1. For the condition surrounded by 15 or more Cβ atoms within 10 Å (Cβ to Cβ), free of Cβ contacts under 8 Å to residues at least 60 places away in the same chain and under 30 Å from Arg18 (Cβ atoms), what is the one hit in Arg295, Arg323, Arg330, Arg334?
2. Out of the residues in the stretch 105-116 that are open to solvent by 10 Å² or more (accessible area, probe 1.4 Å) and not in a loop (DSSP other than H, G, I, E, B), state the one that is farthest from Val178 (Cα to Cα).
3. Among the residues of the stretch 168-204, count how many are under 18 Å from Tyr216 (Cβ atoms) and not hydrophobic (A, V, I, L, M, F, W, C).
4. Do we have any residue at all in the stretch 81-103 that's closer than 17 Å to Gln126 by Cα, within 15 Å of the chain's Cα centre (by Cα), among the hydroxyl-bearing types (Ser, Thr, Tyr) and crowded, with 20+ Cβ neighbours inside 10 Å?
5. Considering only residues that are under 13 Å from Ser108 (Cα atoms) and either assigned to a helix (DSSP H, G or I) or small (Gly, Ala, Ser) (or both), which ones fall in the stretch 170-189?
6. Residue check: is Pro314 in contact with a Pro (Cβ under 9 Å, 6 or more places away or on another chain) and without any contact (Cβ under 8 Å) to a residue 24 or more places away in the chain?
7. Among the residues of the stretch 293-326, which ones are touching a Lys or Arg at 6+ places or on another chain (Cβ under 9 Å), of a type in the set (A, V, I, L, M, F, W, C) and farther than 18 Å from Val185 by Cα?
Amino acid sequence: MEYLRHLHLEMGQQCNVRCSMCYQTDFAPSSRLADVAWKENLRSAYPLIDTLVLQGGEPTVLPNCRELVEMVIRDYPNIHLETVTNGVLWKGLWEEAFLAQGRVVNFSLNAIDPELYSRVVQFGRQSEVISNIDRIVRRRREQNSKMVLRLSTVVLQETIHELPVFVQWAADHGADEVIFHIDPVLSARHEDTKFVQNHISAAYETAERNPQVKLYALNEFDWYYAQKKNIAPVRERSLFARPSSPCSVAFDSLFVAYSGIARVCCKSWYPLGNLCEQTVEEVWKSRQTVLFRQRMLELDFRDCPVACDLNAAPVDHRVAIARKAYWSLRREPRKAYRKALRSLGLTTAQLDLPVQKS
């Protein structure tokens with residue numbers, strides 16, 4: 001257990017916005033991590049870990065997530081907090097806690113153009129999110145906080161043209177990092193390859209003009225899109241540093257979904273145990289965990305996404321998708337079916353609101 005350093009908890013599914021590309025299938029307040037998991041079965045992990053990542057849904061609307069933050073601030077000064085938020089309600093306890101013990105706060109902005117943002121992020125209130133971003137940048141500077149501000153977006157067909165715009169906006173507003181998330185289906189849907197690669201190239205150039213902003217996963221999207229379209233990437237993958245050794249996450253990290261199912265990280269799909277039924281010690285030493293680590297030592301990345309920047313030996317993307325589907329169907333078949341429909345763009349998390357008559 002002394003090797004456990006990073007704990008990632010999905011505290012629930014409740015959210016105050018509805019994003020068009022969201023993979024969630026249940027937004028009910030009841031869809032949350034059971035108290036027995038984070039209050040009892042994970043209790044012995046808190047004194048050991050360095051980083052606690054909090055995830056929703058939307059963390060700022062989850063009562064159990066707020067309670068956990070209060071507990072960390074009160075009892076565990078050793079823990080550095082990280083989270084991903086849509087930013088609408090980023091104030092009060094959240095702002096104060098992260099200025100004090102925060103390592104990274106990730107604002108999922110998803111679009112810069114206000115009209116495009118309103119289509120992608122239903123109920124998002126972009127102006128308030130931007131105000132919250134600007135305020136925390138100012139307060140971080142005033143308090144000399146070490147917290148890193150990251151902005152993220154999921155690459156979609158309708159947001160491809162914003163790749164360079166997103167990087168420049170982040171630089172202009174004082175962000176430290178930008179990450180482009182890749183959806184296995186939606187991110188490669190655009191058929192105009194020249195259009196896509198022109199904007200990938202412009203994003204590379206914008207990042208080079210703003211070296212103060214650390215850029216994540218643009219090269220992964222570049223490579224992934226090229227693989228899907230059977231063309232050469234804008235910049236060869238060999239130009240970027242790639243790992244050649246086993247992923248360290250398999251040996252020092254643990255991700256717990258709101259159902260209690262534990263995995264090595266949020267990107268992998270191989271189950272290690274269930275924290276609603278087992279202690280963290282039992283999961284950490286389980287047969288499944290040992291097997292996953294043995295595979296990792298052999299550079300066997302069969303249960304890892306091919307686009308992950310820590311994947312030293314990607315398998316064929318069809319193999320990865322098939323294995324992910326297998327484990328998802330085995331664990332929660334109904335949820336997996338609904339999630340597949342959403343990932344294929346056949347359904348959406350957004351609500352069909354009635355048209356108001358004038």
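The values are calculated or read from the model by the stated rules, or taken from the named source; none is laboratory data. These numbers were taken from a predicted model, which means no experiment stands behind them. In this analysis, Cβ positions are derived from the backbone assuming ideal geometry, glycine residues included, and neighbour counts consider all displayed protein chains. Note: accessible area is taken over every heavy atom of the protein model, side chains too, but ligands, DNA and RNA are not part of it. Shrake-Rupley method; radii C 1.70, N 1.55, O 1.52, S 1.80 Å.
1. Arg323
2. Glu115
3. Total meeting the criteria: 12.
4. Yes, the stretch 81-103 contains a residue that is closer than 17 Å to Gln126 by Cα, within 15 Å of the chain's Cα centre (by Cα), among the hydroxyl-bearing types (Ser, Thr, Tyr) and crowded, with 20+ Cβ neighbours inside 10 Å.
5. From the stretch 170-189, those under 13 Å from Ser108 (Cα atoms) are 170, 175, 177-181; that's our starting set.
Ala170, Ala175, listed by residue number.
6. Against the criterion (in contact with a Pro (Cβ under 9 Å, 6 or more places away or on another chain) and without any contact (Cβ under 8 Å) to a residue 24 or more places away in the chain), Pro314 qualifies.
7. Phe301, Leu310, Ala312
Matching residues to (1) at pLDDT 95 or above; (2) among the hydrophobic types (A, V, I, L, M, F, W, C):
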| residue | (1), (2) |
| --- | --- |
| Gln101 | yes, no |
| Phe107 | yes, yes |
| Glu142 | yes, no |
| Asp183 | no, no |
